[in-house]
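So the structure is just underneath, and the comments pick up after that.
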Amino acid sequence: MQFFAPTHVYLEKNCVDNHKQELLSYGKRAFIITGKHSSAVNGSLADVLAVLDETSVPYLIYNDIEENPSVETVAKAAAEGKEFQADFVIGIGGGSPLDAAKAIALLIANPQEDACCLYEPKDLKALPVIAIPTTCGTGSEVTPNAVLTRHAFKTKKSISYNIYPELALVDGKYLASANGRLLIHTAVDALAHCVESRLHAKANVYNHMFSEYGLSLWGQLVPVLEQIAAGPDAVPSSLSDEDLEAFMLASTVAGMAIAQTTTSLPHAISYEITYNHGVPHGKACGIFLAAYMDEYARNNPEDVNRVLSLLGFDSTESFGEYLRRLLGSVAITEEESNLYADNIMANASKLSTYPFPIDREAILRILTCSLDVTA
Ligand SMILES: [Fe+2]
């Protein structure tokens, strides 16, 4: 049994400004990795630039990270970072910029390598990474993982290196300007992290501390999310600073859980749905949770009941109905569901995260019970 969580994490209001000295201690030339719009709108980019401007630290901003960033995007950004001679990387945003920041930090630190090294078993180290999450799902600020889109393989996969951010600065205020639907999808991603980590081949008492606490935190957010789902174009102004911080806390705790175990089958299947149908990550994971738990309960109903009770549900059926109300549905064809089942069965490392024998029929059951499958 082991436990490893090396990231220095702060979660509080005005976190970036409060810890600017520590942020600046990781380098002298900052490469900022973010998406096109949200970090400019929610104030996170301005908070970081204020610190760098105040201390005259040179920086370069790369703000062209797409959702589900590709290996090609990461390589392009890294080339700019190398030319700028960046010596630390600041990722700001949701999972996409944070994961991209880790891969970019690896490529800048190893200029002799090209992007092929991201999926090779080499002994490479990355530049220091600072992570500033502005959504409440990824957990990337405390995990070693960086999931990228591999167009050559038509799917997403985590790179072959463990890159923990040195520092995570977490502030609920960045959620205030979020679209309600984004908040739902990212919060459900955090839920999936807790469920999959708790029901995982590597689950142990250390990670239970995080997955079970994350599930109980998430249980308190169940009615809040239902309220947001009723008018998902904006986060209701009725949400307090404490509510927003609770979403961030649940996300970070869920990240700490998967940092010990990795995710499991719902995430593996979700990559097919995201890549081929454009379904946002959190939704693509959340729609499979209830059916995954039904499958798991065939072998271990006690652990599934534990998850349900922490969340405040009395059955996987009521849990699944709740998630459908939040997320809506996804339709695929029977041919696609067969293809995705084959792809999952070929993914030995993901199958090994499931603690019991599992066959193609079980994967197909998870797919067909979760999705609207047409002939
Ligand atoms: Fe996820």
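The values are calculated or read from the model by the stated rules, or taken from the named source; none is laboratory data. The structure displayed is predicted, hence computed values, not measured ones. Every residue, glycine as well, gets a Cβ built from its backbone with ideal geometry; the counts of neighbours run over all protein chains shown. For accessibility, only protein heavy atoms count, side chains too; no ligands or nucleic acids. Shrake-Rupley method; radii C 1.70, N 1.55, O 1.52, S 1.80 Å.
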Just read off the accessible area of H8 with the full protein assembly in place, 1.4 Å probe, to the nearest 10 Å². 80 Å²
Please give the Cα centre distance for the stretch 1-76 versus the stretch 104-178, rounded to the nearest Å. 12 Å
Just the accessible area per residue of the chain, please: how many Å² with a 1.4 Å probe? 40 Å²
Rounded to two decimals, the Rg over Rh value of the stretch 305-361 from Cα coordinates and the Kirkwood Rh reads 1.07
What's the extension gain from N162 to Q112 if we count 0.36 nm per residue and subtract their Cα-Cα distance? 16.0 nm
Per-residue accessible area for E272 at 1.4 Å probe radius, Å² rounded to 10? 20 Å²
Ignoring any ligand, DNA or RNA, what whole percent of the accessible area of the chain comes from carbon and sulfur when the probe is 1.4 angstrom? 51 percent
Excluding residues fewer than 8 positions from K156 in its own chain, the lysines with Cα under 29 Å of it are K36, K76, K82, K102, K122, K125, K202, K283, K350
From the protein chains alone at 1.4 Å, what is the descending order of accessible area for D171, D123, largest first? D123, D171
Roughly what % antiparallel, to the nearest 5, for the DSSP beta bridges in the chain? 15 percent
Taking Lys and Arg as +1 and Asp and Glu as -1, residues besides T274 with C-beta under 13 Å from its C-beta add up to +1
Does the stretch 171-300 come out rounded, prolate or oblate by the C-alpha gyration tensor, with a ≥ b ≥ c the root eigenvalues, rounded set by a/c under 1.5 and, if not, prolate when a/b is larger than b/c and oblate if not? oblate
Whole-Hz Karplus ³J(HN,Hα) for the stretch 252-263, in order, using 6.51 cos²θ - 1.76 cosθ + 1.60 and θ = phi - 60°, x for Gly and Pro? 5, 5, 4, x, 4, 5, 6, 4, 8, 10, 6, 8
Rounded to the nearest 10 Å², the accessible area of I159 using a 1.4 Å probe with every protein chain kept is 10 Å²
Mean separation of Cα contacts under 8 Å, 6 or more apart, over the residue count of the stretch 278-375: relative contact order %: 37 percent
Going out from 0 in 10 Å bins, what whole percent of all Cα-Cα distances in the chain drops into each bin? 5, 26, 34, 25, 9, 1, 0
Prolate/oblate/rounded call for the stretch 115-165, Cα gyration tensor, a/c under 1.5 rounded: oblate
Of E67, E336, which has the most accessible area with a 1.4 Å probe, and how do the rest follow in descending order? E67, E336
Here the relative contact order (percent) of the stretch 8-174, from C-alpha pairs under 8 Å and at least 6 apart, is 28 percent
Taking 8 Å as the Cα distance limit and 6 or more residues as the minimum spacing, I'd like the relative contact order of the chain as a percentage. 16 percent
So what J values fall out for the stretch 276-284 if you push phi through Karplus, 6.51 cos²θ - 1.76 cosθ + 1.60 with θ = phi - 60°, rounded to Hz, Gly and Pro as x? 8, 10, x, 7, x, 3, x, 5, 5
Each residue of the stretch 80-91 in turn: what ³J(HN,Hα) in whole Hz from Karplus with 6.51, -1.76, 1.60 and θ = phi - 60°, glycine and Pro shown as x? 5, x, 5, 4, 6, 6, 4, 10, 8, 10, 10, x
Probe 1.4 Å, all protein chains present, accessible-area order of K283, K13, K102, largest first: K13, K283, K102
